[in-house]
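Colleague: Supplied in structure tokens, the structure appears directly below.
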Amino acid sequence: MTEPSSQLQLAPGEVAYDAPMSAVIVDVAVAGSQVSAGGMLALLEAMKMQHIVSATEAVVVGRTLVAAGDTVLENQPLVVVTPIVGATPGATTVEADADSTRADLTEVRERHGLGLDDRRAAAIGKRRGLNRRSARENIGDLVDAGSFVEYGALVIAAQRGRRTEQDLLENTPADGLVAGLATINAHLFGADRAAAVVLAYDYTVLAGTQGMRNHAKTDRLFNLAARRRVPVVLFPEGGGGRPGDVDSPSLSGLDVTTFHEFGRLSGAVPLVAVVSGRCFAGNAALLGMCDVVIATPDANIGMGGPAMIEGGGLGSFRPEEIGPIDVQRRNGVVHVVAGDEAEAVSIAKRYLSYFQGAVEGWEAPDEHLARRAVPEDRLRAYDARAAISAIVDVGSMLELRRDHGIGVVTALVRVEGHPFGLVANNTHHLGGAIDATAADKLAAFFTLCDSFGLPVVSLCDTPGFMVGPQAETEASVTRFSRLFIVGAGMRVPLGTIILRKAYGLGAQAMAAGSFRAPQFVVAWPTGEIGAMGLEGAVRLGFRKELEGATDSEARDRLFNEYVELAYQRGRALNAATAFEIDDVIDPADTRRWILTLRRRS
């Protein structure tokens with residue numbers, strides 16, 4: 001609107017309206033016409049944009065001073081009007097219908113609706129037949145209600161050269177990738193700490209394959225995650241690369257940047273994969289880069305699907321024969337096996353929570369449980385997980401890779417609500433000795449915790465590294481030594497608690513390379529320490545004396561005497577007197593020591 005002009009000779013009661021800018025007249029009200037408040041008196045065009053000069057009240061047009069096509073200057077009078085007596089100033093006589101929808105908005109809503117589950121009954125029905133959920137259902141269950149903002153919802157497959165646009169709109173919504181920003185666990189940690197990028201390949205669209213445009217979407221979202229420094233949760237079910245995108249000028253597709261961009265996120269933000277069904281080739285490559293993989297029992301994961309395997313002359317296999325869950329859980333590809341997709345999503349939310357902060361409402365375990373966790377008989381194996389449960393908050397342990405590298409337990413835990421990483425030797429496997437696979441598992445877990453600022457609790461009960469001719473066939477020298485490299489590079493606090501045995505290089509590895517490296521090294525009363533296992537040390541150090549025994553009975557008696565002497569020398573209480581460790585504690589005090597590691601937040 002413009003203000004009335006003061007540059008004309010006006011009769012009593014007349015008002016003039018001026019041009020708000022230099023422009024060309026497109027239209028102007030006719031003399032003698034009535035114009036309601038808010039109605040158009042003149043329409044001007046400047047710089048390809050049209051501007052309305054509106055009446056501030058109901059008026060009758062008296063004189064028109066310009067005509068269509070005229071060029072006018074800023075503040076030049078356009079029309080002279082007379083206000084209608086009795087009309088309410090500023091009131092509009094014509095109101096827009098609040099319930100009416102503009103045509104352009106209707107079209108946008110219709111396009112968005114094409115990708116929703118309730119518009120795709122046949123495709124969603126097939127998912128139901130497989131007892132699986134849709135991509136949008138999984139995302140809806142994962143994120144906080146109403147928080148998901150979708151990117152690229154209107155994208156379709158790059159196949160206009162072989163299919164009609166309507167076909168693509170109806171059958172390739174979002175190009176088979178639902179992706180966007182959301183919050184997860186905001187009710188616990190607030191929106192800032194809960195922000196995340198979420199992507200789900202849609203198996204109902206071209207078998208969840210990776211097309212040209214959904215590659216562009218993944219890259220866009222990965223870049224967003226890097227800039228925002230927020231976690232990525234990926235549902236990677238799908239068949240890998242898609243050969244049918246004919247609109248692309250690329251010949252090989254090897255110049256796509258998706259795998260490079262996702263690889264750059266490793267160690268920078270938490271990466272979580274949740275998978276059911278078939279996950280092959282490029283989809284599996286993304287899964288394999290994630291810090292944790294949560295899978296359902298019906299998952300099949302492989303770097304090539306049946307067509308690729310057969311095409312390479314490697315045989316003909318059903319999808320269910322490639323990378324089944326029993327294989328992938330034992331080789332370490334899958335970190336946690338869930339009962340179904342709902343449980344897998346729940347575990348993903350729980351996993352992320354350890355990197356989001358402390359929680360309230362924790363429950364401490366019975367302090368007597370820790371005192372009974374390790375048997376008094378130093379040769380008796382025990383349940384490492386029961387020992388862990390005796391010192392962490394009730395129900396707070398999330399174990400990773402339980403079926404892989406079974407000589408060690410790796411888990412995320414809480415103590416008084418604060419999150420920690422925790423490792424423990426498993427005496428039921430090789431007496432707690434660390435083999436090559438367990439060393440890899442430890443190194444990966446230390447790296448995970450260090451990357452995202454989780455302090456580490458190390459429960460040590462090991463006779464050392466596994467040795468022998470068979471062990472050396474597994475590149476043990478390199479794989480064991482890497483533990484020392486990883487330990488030396490850790491920036492987060494680590495505390496070592498000796499539950500029983502702490503011998504040799506294996507014990508040092510459980511303490512980041514040295515008993516002086518952790519923030520603390522304490523022992524329970526059952527603790528024992530030495531450069532090597534007592535029995536081996538006696539056999540090696542007292543070989544002459546043992547060989548000089550008169551018979552086997554005397555040799556056994558002498559051996560047991562030397563072992564007892566070595567045990568007395570190596571008891572944790574003795575080590576504490578020489579300050580080789582920081583203290584010997586009541587197991588019930590373990591939580592108090594752990595809390596000294598908690599991160600600042």
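The values are calculated or read from the model by the stated rules, or taken from the named source; none is laboratory data. Just so it is clear, the structure is predicted and the values come from calculations on it, not from any experiment. Please note: Cβ atoms are built from the backbone with ideal geometry, for glycine as well, and neighbour counts cover all protein chains shown. Remember, those area values only see protein heavy atoms, side chains included, never the ligands or the DNA or RNA. Shrake-Rupley method; radii C 1.70, N 1.55, O 1.52, S 1.80 Å.
Colleague: Return the residue satisfying two criteria in turn: it lies in the range 18-65 and is in a strand (DSSP E or B) and among the small types (Gly, Ala, Ser), and of such residues it is farthest from the chain's Cα centre (by Cα).
Modeller: So the residue we want is GLY62.
Colleague: While we're looking at this one, here's another question. Residues that are within 23 Å of THR437 (Cα to Cα), open to solvent by less than 20 Å² (accessible area, probe 1.4 Å) and not charged (D, E, K, R): list the strands (runs of 3 or more DSSP E) wholly contained in the range 224-331 that include at least 2 such residues. Before the answer, list the steps.
Modeller: On the way: elements: 232-235, 271-275, 278-280, 292-295, 300-302.
Ranges flagged: 271-275, 292-295, 300-302.
Colleague: Within the range 179-210, how many residues turn out to be closer than 14 Å to LEU286 by Cβ and at pLDDT below 95?
Modeller: 3
Colleague: Return a yes/no flag: does the range 126-134 have any residue that is under 20 Å from VAL246 (Cα atoms) and not in a loop (DSSP other than H, G, I, E, B). Break it down stepwise before answering.
Modeller: To start, the set of residues in the range 126-134 that are under 20 Å from VAL246 (Cα atoms) comprises none.
The answer is no; no qualifying residue exists.
Colleague: I've got another one for you. Would the range 508-523 turn up any residue that is at pLDDT 95 or above, in a strand (DSSP E or B) and surrounded by fewer than 23 Cβ atoms within 10 Å (Cβ to Cβ)?
Modeller: Checked the range 508-523: at least one residue is at pLDDT 95 or above, in a strand (DSSP E or B) and surrounded by fewer than 23 Cβ atoms within 10 Å (Cβ to Cβ).
Colleague: Listed residues GLY468, GLY489, GLY453, GLY417; which is within 27 Å of the chain's Cα centre (by Cα) and free of Cβ contacts under 8 Å to residues at least 40 places away in the same chain?
Modeller: Details: GLY468 fails: within 27 Å of the chain's Cα centre (by Cα); GLY453 fails: free of Cβ contacts under 8 Å to residues at least 40 places away in the same chain; GLY417 fails: free of Cβ contacts under 8 Å to residues at least 40 places away in the same chain.
The conditions single out GLY489.
Colleague: Checking ALA344 against (1) part of a helix (DSSP H, G or I); (2) surrounded by fewer than 16 Cβ atoms within 10 Å (Cβ to Cβ): exactly one of these is not met. Which one?
Modeller: (2)
Colleague: For the range 179-210, name all the residues that are aromatic (Phe, Trp, Tyr) and assigned to a helix (DSSP H, G or I).
Modeller: PHE189
Colleague: Right, another one. Which one of these is under 30 Å from MET21 (Cβ atoms), open to solvent by 60 Å² or more (accessible area, probe 1.4 Å) and at pLDDT 95 or above: THR88, THR71, THR93?
Modeller: Within the list THR88, THR71, THR93, the selection yields THR71.
Colleague: Of the numbered conditions (1) surrounded by fewer than 17 Cβ atoms within 10 Å (Cβ to Cβ); (2) within 25 Å of ILE124 (Cβ to Cβ); (3) not basic (Lys, Arg), GLY161 fails exactly one; give the number of that condition.
Modeller: (2)
Colleague: With the condition being surrounded by fewer than 20 Cβ atoms within 10 Å (Cβ to Cβ) and of a type in the set (Ser, Thr, Tyr), I'd like the helices (runs of 4 or more DSSP H) fully within the range 419-492 carrying at least 1 qualifying residues.
Modeller: Passing ranges, in order: 436-451, 476-489.
Colleague: Taking the range 151-178 only, how many residues are more than 18 Å from ARG109 (Cα to Cα) and assigned to a strand (DSSP E or B)?
Modeller: The qualifying residues number 1.
Colleague: For the structure I just gave you, tell me whether ALA135 is of a type in the set (Gly, Ala, Ser), more than 27 Å from GLY339 (Cα to Cα), open to solvent by less than 30 Å² (accessible area, probe 1.4 Å) and touching an Asp or Glu at 6+ places or on another chain (Cβ under 6 Å). Let's see the steps before the verdict.
Modeller: Values: of a type in the set (Gly, Ala, Ser): yes; more than 27 Å from GLY339 (Cα to Cα): no; open to solvent by less than 30 Å² (accessible area, probe 1.4 Å): yes; touching an Asp or Glu at 6+ places or on another chain (Cβ under 6 Å): yes.
Judged against the criteria, ALA135 is not a match.
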